[in-house]
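For reference, the structure discussed in these notes is given below.
The values are calculated or read from the model by the stated rules, or taken from the named source; none is laboratory data. Quick caveat, the model's predicted, so the values are computed rather than measured. Every residue, glycine among them, receives a Cβ derived from its backbone with ideal geometry; neighbour counts consider all protein chains shown. Surface areas here come from the heavy atoms of the whole protein model, side chains and all, with no ligands, DNA or RNA. Shrake-Rupley method; radii C 1.70, N 1.55, O 1.52, S 1.80 Å.
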Amino acid sequence: MAFFFQDMDQTGKLVFYVATSWLLFLLVTLISQLIKRRKNHDNESTIERD
């Protein structure tokens with residue numbers, strides 16, 4: 001879709017920006033959740049060892 005960006009009209013560009021922003025938001029949210037789960041899992045395993 002980025003290859004045809006120059007040929008898009010204003011509505012197409014708006015849809016492209018919204019979809020891209022939404023996908024980036026989902027990606028950042030997913031990565032942050034994975035990091036939180038990993039930290040919680042590491043904390044639980046160190047507590048069990050003590």
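Sequence-ordered 3J(HN,Hα) estimates for the stretch 32-41 from the Karplus curve with 6.51, -1.76 and 1.60 and θ = phi - 60° stand at 5, 5, 5, 5, 4, 5, 5, 5, 5, 5 Hz, glycine and proline given as x. Approximating the spin labels as points 7 Å out from Cα along Cα→Cβ, the Leu23-to-Thr11 distance works out to 2.1 nm. Heavy-atom accessible surface of Lys13, to the nearest 10 Å², is about 50 Å², with a 1.4 Å probe and all protein chains retained.
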